[in-house]
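Colleague: The following block contains the structure, expressed as structure tokens.
Read the figures in this text as sums done on the coordinates, not as results from a lab. Because the structure is a prediction, the values reported are computed rather than measured. A quick note on method: Cβ atoms are made from the backbone with ideal geometry, for glycine too, and the neighbour counts reach across all protein chains shown.
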Amino acid sequence: KQWYQRRVAITAGGSGAGLCVVPPVHSCYNSKCWGNATFSKVSIDCDQSSNRCTFNGTGYPTCTDTTRGAGVDCNGTDHTDFYCQQNTIGGATCQQTPEHSCYSLQCQGTGNKTGTYIPCDGATNRCGLDADGSTPLCINDARGSGVDCNTSASYYCGYNGTQLKDAICIYSEEYDCFDNICTGALAFNESTIGCNQNTHHCTVNITGYPLCINAANGTSGAGVFCKGHFSCKQDKETGVASCKTSHGLLPLYIVIGIIAVVVVAGIVVWFVRKRMGGADDRQSLLNRETGY
């Protein structure tokens, strides 16, 4: 079906010889055939990836399974960079699906199914709707939605809110204290795993289960900035870091110094008094012996 024979009408000087017409390969194909002349507004369904359009002597459209038909050429790789759609008259269109830094992990319904979410990894799938126009579908024919991050900075992917539909870029910061627990999402929103986010960062898989990723590329995780003299403290249940402020050792040294001065002064006073008391005792004894 890579060619079909078309006989040229015999005209003056024409031979009426058959011609081989080789239809080009397209990325996406039309889905309808339209008539000619008085049937120019008549269309019939015709998958032109394996059929071609013709019309009979009256101009009425026909779908012939001799070879492929008309379509359009898209940029990129099929099932990755684009997917095919048809417009209202059955003409093929290219729907480009650009690459993103972070992808959605869910599809959301519409209308009375707005609260319905299904898992769908946007890195290899896209979201669509069922024939009812509201039930979400995960379609494996191209990339899905996502966000573009500043790739010159260290970042990791997160999700806005309690669902995994809206991907966001989280940029690493040089925090003073780091969290040490990762918490899951969805059905695993109470699940936790230990994770030193000074050298790792948190994310979740498509089910919402928490993951601790080694930050070999410098993407450390969540934490807080501290000021002054501090030590780091993490909540035992949530692992959220906080700064435990201290006033340093100088005040302690001052107090110790004051105490030391008082003690030394007391010892000196006691020693002087004792010396003076001893001298008075000797003088009294001498007076008794001499009678003076």
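Colleague: Put a dot 7 Å past each Cα toward the Cβ at Leu137 and Ile89; how far apart are the dots in nm?
Modeller: Placing both labels 7 Å along Cα→Cβ, they lie 2.5 nm apart.
Colleague: Sketch the reach of a paramagnetic label on Gln163 as a point 7 Å from Cα along Cα-to-Cβ, and name the residues of region 135-152 whose backbone nitrogen lies under 11 Å away.
Modeller: What the label zone holds, given the 11 Å backbone N cut-off, is 136.
Colleague: Would you kindly state how much longer the chain becomes between Glu173 and Leu129 on full extension, computed as 0.36 nm times their sequence separation minus their alpha carbon distance, in nm to one decimal?
Modeller: 11.9 nm
Colleague: To the nearest 0.05, what FRET efficiency results for Thr207 and Lys233 with a Förster distance of 41 Å applied to their C-beta separation? Show your work: numbers first, answer last.
Modeller: Working: r = 32 Å, r/R0 = 0.77.
Efficiency at R0 = 41 Å is approximately 0.80.
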